[in-house]
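These notes concern the structure reproduced below.
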Amino acid sequence: CSDDGFTDFRSMLISRGRQAFERALSDPDSLAEEVFDESDWLYEGYEYAVTDGVEAAAGHRPHRTMPPQPSGTKWQEDEVYGLFPKLSAKYG
């Protein structure tokens with residue numbers, strides 16, 4: 001997963017609403033039950049909705065900072081199939 005790919009996925013997930021976002025945070029494998037068009041996963045446009053809105057309302061783009069390291073639990077790529085069996089079965 002590239003940085004851009006993850007950012008696009010995260011933005012798409014947020015665009016689906018608080019309930020879908022929180023469900024995915026508490027049980028990532030629940031995403032296998034969602035109905036997605038393949039293009040939804042990688043749609044970059046969702047990311048710009050907030051920054052474009054802030055710029056239109058405030059007259060400037062918001063400043064974003066990134067943490068130095070990712071949060072969450074570290075895992076190895078070969079473990080992903082066991083961690084998320086429903087997603088693995090659906091998307092391989």
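The values are calculated or read from the model by the stated rules, or taken from the named source; none is laboratory data. Bear in mind the structure is a predicted one, so any value in this text is a computation, not a measurement. Virtual Cβ from ideal backbone geometry, glycine too; neighbours counted across all protein chains shown. For the accessible areas, the whole protein counts, side chains as well, though only heavy atoms, and no ligand, DNA or RNA atoms are used. Shrake-Rupley method; radii C 1.70, N 1.55, O 1.52, S 1.80 Å.
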If you scan segment 1-31, which residues turn out to be of a type outside the set (A, V, I, L, M, F, W, C), in contact with a Phe, Trp or Tyr (Cβ under 7 Å, 6 or more places away or on another chain) and without any contact (Cβ under 8 Å) to a residue 40 or more places away in the chain? D8, S11, S15
Test set (1) at pLDDT 85 or above; (2) open to solvent by 70 Å² or more (accessible area, probe 1.4 Å) - A58 fails condition number: (2)
If we keep only residues of segment 61-92 that are more than 19 Å from D29 (Cβ to Cβ) and surrounded by 10 or more Cβ atoms within 10 Å (Cβ to Cβ), then the residue nearest to the chain's Cα centre (by Cα) is P62
If a residue must be open to solvent by 90 Å² or more (accessible area, probe 1.4 Å) and modelled with pLDDT of 75 or more, how many such residues does segment 1-22 contain? 8
Would you be able to say whether some residue in segment 45-53 is charged (D, E, K, R), within 17 Å of the chain's Cα centre (by Cα) and loosely packed, with under 11 Cβ neighbours inside 10 Å? no
Note down all Cβ pairs under 9 Å where the first residue falls in segment 76-88 and is modelled with pLDDT of 85 or more, the second is charged (D, E, K, R), and they're at least six residues apart or on different chains. L83/D29; F84/D29; P85/D29; K86/D29; K86/E33; L87/D29; S88/D29
Just wondering, is there one or more residues in segment 57-70 that are under 27 Å from G92 (Cβ atoms) and not aromatic (F, W, Y)? yes
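Across segment 26-38, what is the number of residues that are loosely packed, with under 11 Cβ neighbours inside 10 Å and modelled with pLDDT of 85 or more?
1
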